[in-house]
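Everything below concerns the one structure shown next.
The values are calculated or read from the model by the stated rules, or taken from the named source; none is laboratory data. Note that this is a predicted model, so its numbers are computed, not measured. Here Cβ is always computed from backbone atoms with ideal geometry, including for glycine, and neighbour counts include all displayed protein chains.
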Amino acid sequence: MIYKTDYHTHTYYSDGKGWPEDYISRAIEIGLSEIGFSDHLTLTDEQQDWSIRLSLLDEYIDRIIKLKESVSGITVRLGLEVDYFPDKEEEINKYISGLPLDYVIGSVHYMNNVSVDLGPEYYENKDINKLFESYFKLIAQAASSRLFDFMAHIDLVRIFRYFPSANAESFYCFLARELHTSDIPFEINTNGMNKPLKDFYPDRRYLHIFREEGVPVLVNSDAHNPSRLGQYFNDAHSLLINAGFTEMVSFNNRERIIKPLNSDVCEQ
Ligand SMILES: [Zn+2]
Ligand SMILES: [Zn+2]
């Protein structure tokens, strides 16, 4: 049986629609071995609706730590999904370095301080090849910052189905090399299925490139509602196995733990 973890989830503390306890109940119900919480921390000058309020950060952390200690039948992990801004590395480090987290997810939702995932208008009249190139460079830069334990939805710019016109493979080769050099894992994020993209991030056609470069991987739902925990995980695990991956990563106290990715067909 595959050791299933789901480390990318959002509760009422950021933009999710459920309390941590609701997610834990659902995670046990669907047979996850580990559930991790990763509410958004977005350090823009103005408070964003989707980000946890800094005034609630301690409460969030205390609540998850209490659950880690009290819940049985599943391992609970504490994380955050933190927006990467190239000019805010020090500030990000200041907020997260002292926190008792199991992992920090690095995300790029902004390019030049504009969100890339709020609407298709962002993509209109833009050179999509250049946009992909810039986005992948930002992901690579975030990975090299050493601030994060893995990178989220590494080709989020596919969300509204604007695709590069030529040689997309070279973008993925570049990114896989960069992630390998920084030794930072990536996720299969199944939530792209619920977006106009109707597919996972990253593009399944290029998963083998990440395997060839030896970039570690994990599978996450990016659930904003408990009902979406573990969504499409069987498909995602099969894709990884077919691409030649043999293991996935999990985290404890910001240390990586490797779990074999094998499916024992004979197991009852
Ligand atoms: Zn995200
Ligand atoms: Zn997320």
State whether the residues of segment 218-227 include one that is within 27 Å of residue 64 (Cα to Cα), surrounded by 16 or more Cβ atoms within 10 Å (Cβ to Cβ) and charged (D, E, K, R).
yes
Scan segment 1-55 for residues that are surrounded by fewer than 22 Cβ atoms within 10 Å (Cβ to Cβ), of a type in the set (Val, Ile, Thr) and within 14 Å of ligand 1 (Cβ to nearest atom) and report the count.
1
Just one of (1) assigned to a helix (DSSP H, G or I); (2) in contact with a Lys or Arg (Cβ under 6 Å, 6 or more places away or on another chain); (3) β-branched (Val, Ile, Thr) trips up residue 92, so point out which.
(2)
Yes or no: segment 244-251 includes at least one residue that is within 30 Å of residue 87 (Cβ to Cβ), of a type outside the set (Asp, Glu) and either crowded, with 18+ Cβ neighbours inside 10 Å or modelled with pLDDT under 95 (or both).
yes
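Table: residues versus (1) among the acidic types (Asp, Glu); (2) buried (at least 20 other Cβ atoms within 10 Å of the Cβ); (3) farther than 24 Å from residue 219 by Cα.
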{"position": "95", "(1), (2), (3)": "no, no, yes"}
{"position": "113", "(1), (2), (3)": "no, no, yes"}
{"position": "152", "(1), (2), (3)": "no, yes, no"}
{"position": "161", "(1), (2), (3)": "no, no, no"}
{"position": "174", "(1), (2), (3)": "no, no, no"}
Among (1) surrounded by 21 or more Cβ atoms within 10 Å (Cβ to Cβ); (2) assigned to a loop (DSSP other than H, G, I, E, B), which single condition is residue 80 missing?
(2)
Selection from segment 95-119 of residues within 16 Å of ligand 1 (Cβ to nearest atom), in contact with a helix residue (DSSP H, G or I) (Cβ under 8 Å, 6 or more places away or on another chain) and either of a type in the set (Asp, Glu) or assigned to a loop (DSSP other than H, G, I, E, B) (or both) yields 108, 109, 116, 117
Out of the residues in segment 1-11 that are out of contact with any Pro (no Cβ under 9 Å at 6 or more places or on another chain) and closer than 16 Å to residue 60 by Cβ, state the one that is farthest from ligand 2 (Cβ to nearest atom).
7
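Quick grid of which residues meet (1) under 26 Å from residue 146 (Cα atoms); (2) away from ligand 2 (no atom under 16 Å from the Cβ); (3) within 19 Å of the chain's Cα centre (by Cα):
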{"site": "13", "(1), (2), (3)": "yes, no, yes"}
{"site": "21", "(1), (2), (3)": "no, yes, no"}
{"site": "24", "(1), (2), (3)": "no, yes, yes"}
{"site": "31", "(1), (2), (3)": "no, yes, no"}
{"site": "41", "(1), (2), (3)": "yes, no, yes"}
{"site": "58", "(1), (2), (3)": "yes, yes, no"}
{"site": "63", "(1), (2), (3)": "no, yes, no"}
{"site": "72", "(1), (2), (3)": "no, yes, no"}
{"site": "106", "(1), (2), (3)": "yes, no, yes"}
